[in-house]
Amino acid sequence: MNYPELIYHVVNRGNDRQVIFAEADDYWHYLNTIQRYKKKYQFKLFAYCLMTNHVHMLIKTSGGGSISKIMQSITVAHTRRYNFKYRRCGHVWQGRFHSPIVSEDNHMLRVMQYIEQNPLRAGMVKRVEDYRWGSYGLNVRFKDSVLIDRRDNKVIENLGGNLKERIYNYQQIMVRDIVVQEVDKIQYSTRKGGNYLSEKFKDQIAFLLPRKQGRGRPRSRELCFK
């Protein structure tokens, strides 16, 4: 079922936590795949981080396609290319992705912070801007990106009266750590499937959502190339 105009924090992990991005070419292909399906399904991408064995994305859907359809398409395209390149077959991804809904307010800003600071928490870099495969650099540059939809990001738009001010304020936010309790809530939402919402937003969308929201389950295809 599709609920347009909702924002999802998508987390997808490699099968058995295996490495899914071994070379720079693997990262580029995945980003190009996202861009291709953005055009097809007309979704907005506000943040992403490609880690060695998992990915985070912050996606706002439209009437063009549900979050399940989006992720199924991206996952199948990546699996096909991965198995062909590495002469293997079988599952690349764990088979299920998590996609809790995030309210379009300070909760969303914290999720962006959480996503783009992922390499910092993992000890991979010392500064968030040093990580090549996250969206931070695109969110703080003056030139618009075809991958990140900053102009459609209401949370960033509310950070200042002009682009220079918004970028500065976003940079100041990103150098700060998220409160530990909020990190725990975000991680709980991605592991247990609970949404990460403000009380006001819960009331606004209560009539849209089923009582219990399941995890996304893209159909997996075993693509063998040996």
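A 1.4 Å probe, protein heavy atoms only, puts the accessible area of residue 75 near 20 Å². Around the amide H of residue 7, modelled in the peptide plane, lie the amide H atoms of 102, all under 5 Å away and 5 or more residues distant in sequence or on another chain.
Taking each residue as 0.36 nm, the span from residue 5 to residue 87 lengthens on full extension beyond its C-alpha to C-alpha distance by 25.6 nm. For the set 110, 127, 121, 132, solvent exposure ranked by accessible area (probe 1.4 Å, protein chains only) runs largest to smallest as 132, 127, 121, 110. For the pair residue 152 and residue 192 in one chain, pulling the backbone fully straight at 0.36 nm per residue adds 11.5 nm over the alpha carbon distance.
For the pair residue 23 and residue 202, what calculated FRET efficiency results from E = 1/(1 + (r/R0)^6), where r is the Cβ-Cβ distance and R0 = 41 Å, to the nearest 0.05? The formula returns an efficiency of 0.45 here.
Residue separation of residue 142 and residue 105 scaled by 0.36 nm, minus their Cα-Cα distance, works out to 11.0 nm of gained length. Take residue 7: with every protein chain present and a 1.4 Å probe, its accessible area is about 0 Å². In this structure the chain gives 52 Å² per residue of accessible area when probed at 1.4 Å with all protein chains present.
Using a probe of 1.4 Å, the accessible surface attributed to residue 170 totals some 0 Å² when neighbouring protein chains are kept in position. Calculated mean residue ellipticity, 222 nm, the chain: -12000 deg cm²/dmol, from DSSP H runs (n ≥ 4) at -39500 (n - 2.57) each, averaged per residue and rounded to 500. Of 38/143; 60/192; 85/126, which sit over 28 Å apart, Cα to Cα? Over 28 Å apart, Cα to Cα: 85/126.
The values are calculated or read from the model by the stated rules, or taken from the named source; none is laboratory data. If you're wondering where the values come from, they're calculated on a predicted model, not measured in any experiment. A quick note on method: Cβ atoms are made from the backbone with ideal geometry, for glycine too, and the neighbour counts reach across all protein chains shown. To get the accessible areas, we keep the full protein, side chains included, count just its heavy atoms, and leave off ligands, DNA and RNA. Shrake-Rupley method; radii C 1.70, N 1.55, O 1.52, S 1.80 Å.
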